[in-house]
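The values are calculated or read from the model by the stated rules, or taken from the named source; none is laboratory data. Keep in mind it's a predicted model, so treat the numbers as computed, not measured. Please note: Cβ atoms are built from the backbone with ideal geometry, for glycine as well, and neighbour counts cover all protein chains shown. Surface accessibility is based on the protein's heavy atoms, side chains included, excluding ligands, DNA and RNA. Shrake-Rupley method; radii C 1.70, N 1.55, O 1.52, S 1.80 Å.
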Amino acid sequence: MEKKKEVWVIGHKNPDTDSICAAISYAYLKNQLGGADYIPKKAGELNSETAYVLNRFGVEEPETVEDVGTQVKDIELRHTKGVSNHYSLKKAWELMLSEDVVTLPIVTQNQMLEGVIVNGDIAYSYMDVYDNNELSRARTQYKNIIETLKGHMLCGNEHGYFIKGKVVVASGSEETLRNEIEDDDLVILGDVRERQLIALEENPSCMIVAGVTVVDPDVISLAQKIDCVLITTEYDTFTTARLIHQSMPIKHFMKKDNLVTFDLDDYIDDVRETMSGVRHRDFPVVDENRRYVGMFSRRNLLNMQKKRVILVDHNEKSQAVEGIEQAEILEIIDHHKIGSLETIQPIYFRNQPLGCSSTIIYLMYMEKDVIIPKEMAGLMLSAILSDTLMFRSPTCTPMDREVGEALAKIAGVDYEELALHMFEAGSDFSKKSVEEIFYQDFKVFHVDDDTFAVAQVSAVSGTQLDSIRTKLASYMETVLNNMQLDMVFVMMTNIIDQSTELLYYGSNAENIVSSTFGADKLSDRNSAILPGVVSRKKQLIPPMMETMQQ
């Protein structure tokens, strides 16, 4: 059965409860409708509120994805079989021809990559071997010699190795023969019994008799007596001498140092940069355990499959997971203003002026007549309560409240009790670093030439907010410098009092706040007290952007 294509459903970076719950609940809906394997993902770590929600409703936390750019694993690799380093040059060459490849990966028994050999290496071995000791220096196995010469072993151990001595073609006189052959040499000669016996008297380690399949029993007996490997081949002496070096193992010629390899998880942009600096045609690919999995070339980059994604709760490029411009966006489900994302082809884009993305997803369940399980109802309800501050935010619409109440019945929960526990979990700052608190709900915005960021930290009491105020104020300079921003703002929102203290930092930040909300709202500690302001999306960002544009 053909495996369904994966589609990732993912929210924005620094995810909040709606971003996570919308991804999970929409992936569930899409899987009920079929067509692909829809998998929820997240673009950052969970905050405490969201962790509480997932734990309460028994839903598994989605995997974190830091980048959706195309990776080596998205390329259709060529699965050239890895070969042993004992392969002969001739066998490797024949395999290259049959597989129509120019590179062979060389692997161990457990598929660990040892090296590679290319057809040029084999050609070099033919053209550049002038030393008749090369065969022993390469530690050539007798089995390779037999295979290369299509020979037959009459005595000896085919699994042994020719490791000492030179190759001698015995073509001279008997006296010359005795002078040329030394202990442990490999001798190639023809079908003359007397010359074969003379050669064996010089104690060679191997003797190859060319042009025959059988030899005299006395020759076999003497070869056995001196532990000489005796091989026959039907090739003539010249052909045997020409082919013998093709029996050398490829490990003697393979490249094993400074190999250019790629991991399955490597991103194509990085791969292209590396490939531009080398002239290799093919490159091995290894997994996380450095085991060989396949080969690819520059040509394979033309057929790479982009990751397929559905975005929920955002449509701004600055808020999207890294590498989004390399992914294939199939859908966007959102409730924010239209942002800066562009797609190559038309997509399904659903954007409604509601208080929460999960409200839209609930409506889609109804439209598709899909039954909502209790856990999905609990997630969507939690997202709505979080985004609308339990229906108190000005972004909350009658539809959000209506949907929230309907989901509470399906989930079998008291939404006020759920909201209180959620907000308490999110307000527990005791075990968090200032960085974790600052970035748990953080977004970047652009107006003309200005880039600014707004973090929002919510709590159910002013005491909780006061306990972290100094840390947050001090950390703003670090954020501004690290992210090269013009201004940084932090909304410290009291959920119960329905008010926000807005901290600000940056060259023009105080002027923007004063012009937007009035100088009377400024306090003496680089902040503004904003009664009734709880929504970043509706009450803070639009008027501030209008001020900046003016």
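Taking 0.36 nm per residue of sequence separation and subtracting the Cα-Cα distance, how much length would be gained by fully extending the chain between residue 301 and residue 272, in nm to one decimal? Could you put the intermediate results ahead of the total?
Numbers: separation 29, 0.36 × 29 = 10.44 nm, distance 0.90 nm.
Stretched fully, the residue 301-residue 272 segment lengthens by 9.5 nm.
About its Cα centre, the chain has a charge dipole of approximately 640 debye under the convention of +1 per Lys or Arg Cβ and -1 per Asp or Glu Cβ, with nothing else charged. Packing, taken as the mean count of other beta carbons within 10 Å per residue, orders the peptides 12-18, 181-187, 405-411 from highest to lowest as 12-18, 181-187, 405-411. Using a/c under 1.5 as the rounded threshold, could you call region 127-225 rounded, prolate or oblate? The axes a ≥ b ≥ c are square roots of the C-alpha gyration tensor eigenvalues, and prolate needs a/b larger than b/c, oblate otherwise. Oblate shape, in that a/c is at least 1.5 and b/c is the bigger or equal ratio. Bridge orientation summary for the chain: considering DSSP beta bridges with both residues in this region, about 50 percent are antiparallel. Across region 461-521, counting alpha-carbon atoms alone, Rg and Dmax equal 12.5, 34 Å. With 30 Å as the limit on Cα-Cα distance, the pairs of 5/256; 73/150; 4/42 that go past it are 5/256; 73/150.
When the chymotrypsin sites (Phe, Trp or Tyr not before Pro) in region 122-224 are filtered for DSSP coil states and for at most 14 other beta-carbon atoms within 10 Å of their beta-carbon, the remaining sites are 130. Can you classify the chain as rounded, prolate or oblate using the Cα gyration tensor, where a ≥ b ≥ c are the square roots of its eigenvalues, rounded means a/c under 1.5, and otherwise it's prolate if a/b beats b/c and oblate if not? Prolate is the answer for the chain, as a/c is 1.5 or above and a/b outweighs b/c.
Cβ-Cβ distance of residue 449 and residue 111, R₀ of 56 Å, FRET efficiency by 1/(1 + (r/R0)^6): the value works out to about 0.55.
Quick one: with all protein chains in place, what share of the accessible area of region 377-473 is carbon or sulfur, to the nearest percent (1.4 Å probe)?
On the way: 1940 of 3960 Å².
For region 377-473, the apolar C and S fraction of the accessible surface comes to 49 percent.
Listed by chain and number, the aspartates and glutamates whose C-alpha is less than 17 Å from the C-alpha of residue 255, apart from same-chain residues fewer than 8 away, are 114, 121, 128, 282. Accessible area ranking (1.4 Å probe, heavy atoms, ligands and nucleic acids excluded), largest first, for 5, 443, 337, 225: 225, 5, 337, 443.
Students often get this wrong, so check it: of 307/431; 41/409; 307/471, which have C-alpha atoms separated by over 29 Å? Checking Cα-Cα distances, 307/431; 307/471 exceed 29 Å.
If r is the Cβ-Cβ distance from residue 220 to residue 86 and R0 is 22 Å, what FRET efficiency results, to the nearest 0.05? Don't jump to the answer; show the numbers that get you there.
Working: r = 27 Å, r/R0 = 1.24.
The pair residue 220/residue 86 has a calculated efficiency of 0.20.
Using a 1.4 angstrom probe, figure out how much accessible area region 157-293 has per residue, in square angstrom, rounded to the nearest whole. Could you put the intermediate results ahead of the total?
Working: 7090 Å² over 137 residues.
So region 157-293 comes to 52 Å² accessible per residue, rounded to a whole number.
Per DSSP H run of at least 4 residues, take -39500 (n - 2.57); add these up for the chain, divide by its residues and hand me the 222 nm value, nearest 500 deg cm²/dmol. Walk me through the numbers before you get to the answer.
Numbers: 19 runs with 195 residues, N = 550.
Value at 222 nm, helices only: -10500 deg cm²/dmol.
Note on region 166-266: Cα-only Rg and Dmax are 18.3, 66 Å.
In whole Å, what three semi-axes, largest first, describe the equivalent ellipsoid of region 109-169 built from its Cα gyration tensor (square root of 5 times each eigenvalue)? Show your work: numbers first, answer last.
Values: eigenvalues 96, 68, 29 Å².
In descending order the semi-axes read 22, 18, 12 Å.
Of 13/317; 30/537; 30/374; 91/164; 306/337, which ones are farther than 19 Å apart at the Cα? Kindly include the intermediate steps, with their values, before the conclusion.
On the way: 13/317 10 Å; 30/537 28 Å; 30/374 17 Å; 91/164 23 Å; 306/337 27 Å.
Table pairs above 19 Å Cα-Cα are 30/537; 91/164; 306/337.
Annotation: peptides 506-513, 113-120, 245-252, ranked by per-residue average of other Cβ atoms within 10 Å with the highest first, follow the order 245-252, 113-120, 506-513.
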